[in-house]
């Protein structure tokens, strides 16, 4: 695996201990142009960065050394952790995102995601349950890396978490209505997995947004923010894996 460097000035100057690194966080760039995305991540005025950038052709750029905190997650939380920047390595993958004709990630990008992830997981002993997307740790604000990110493919190759349920069972449960009590159980299970409880009365669409974030990650065929029986079954299964 060949990695080139193009260092960003956007990082905390205090070095962290390697055992502080608990998470891998995936993002898409959400910009039309790859060069513009790299320029933004290396421009001190932008105040954003990540540790790694994966180009369309699969080439990997190291923007911030691992032991320094990059500025990629913003306001974020997962389980007991807040301000995930402090505990994570951020990986930006070039993709125009939902605002600019969201496209499939290239095969070369996926191969690089796998190789880089495997390397970092081994180096920092990162647990599968702490391999997440930006929308997982910031569900009220973010959509990336989105429903086209190959979570299931990565899981089959030993990276991250997925359910082990029968596909026919899930398909038959899709769009089946559930009770209010069951919907509350689903939300409680999301909190058990790690999704944030931190929201105010102003966030009237909180349940919809957190359900949508869950679907982008774990039920990618239908993203509608509606809690159905399929969502409940998947979430029940995942609680056993996460907890």
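With the condition kept exactly as written, say whether any residue in region 201-210 is more than 28 Å from residue 102 (Cα to Cα) and modelled with pLDDT under 95. Yes, region 201-210 contains at least one residue that is more than 28 Å from residue 102 (Cα to Cα) and modelled with pLDDT under 95.
Let's see how each residue does on (1) within 15 Å of residue 41 (Cβ to Cβ); (2) within 18 Å of the chain's Cα centre (by Cα):
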{"residue": "68", "(1), (2)": "yes, no"}
{"residue": "72", "(1), (2)": "yes, yes"}
{"residue": "78", "(1), (2)": "no, yes"}
{"residue": "89", "(1), (2)": "yes, yes"}
{"residue": "95", "(1), (2)": "yes, yes"}
{"residue": "98", "(1), (2)": "no, yes"}
{"residue": "109", "(1), (2)": "no, yes"}
{"residue": "128", "(1), (2)": "no, yes"}
{"residue": "134", "(1), (2)": "yes, yes"}
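Collect the residues in region 121-144 that are assigned to a helix (DSSP H, G or I) and closer than 19 Å to residue 29 by Cβ, keeping them in residue-number order.
Once the filter is applied, which keeps residues that are assigned to a helix (DSSP H, G or I) and closer than 19 Å to residue 29 by Cβ, region 121-144 yields 134, 135, 136, 137.
Looking across region 110-141, the residues that are surrounded by fewer than 22 Cβ atoms within 10 Å (Cβ to Cβ), touching a helix residue (DSSP H, G or I) at 6+ places or on another chain (Cβ under 9 Å) and farther than 15 Å from residue 88 by Cα come down to 110, 114, 140, 141. From the set of residues in region 145-170 that are farther than 30 Å from residue 91 by Cβ and either part of a loop (DSSP other than H, G, I, E, B) or free of Cβ contacts under 8 Å to residues at least 24 places away in the same chain (or both), which is farthest from the chain's Cα centre (by Cα)? Top of the filtered list is 168.
The values are calculated or read from the model by the stated rules, or taken from the named source; none is laboratory data. None of these values were measured; they are calculated from a predicted model. Neighbour counts are summed over all protein chains in view; Cβ atoms, including those assigned to glycine, are modelled from backbone coordinates with ideal geometry.
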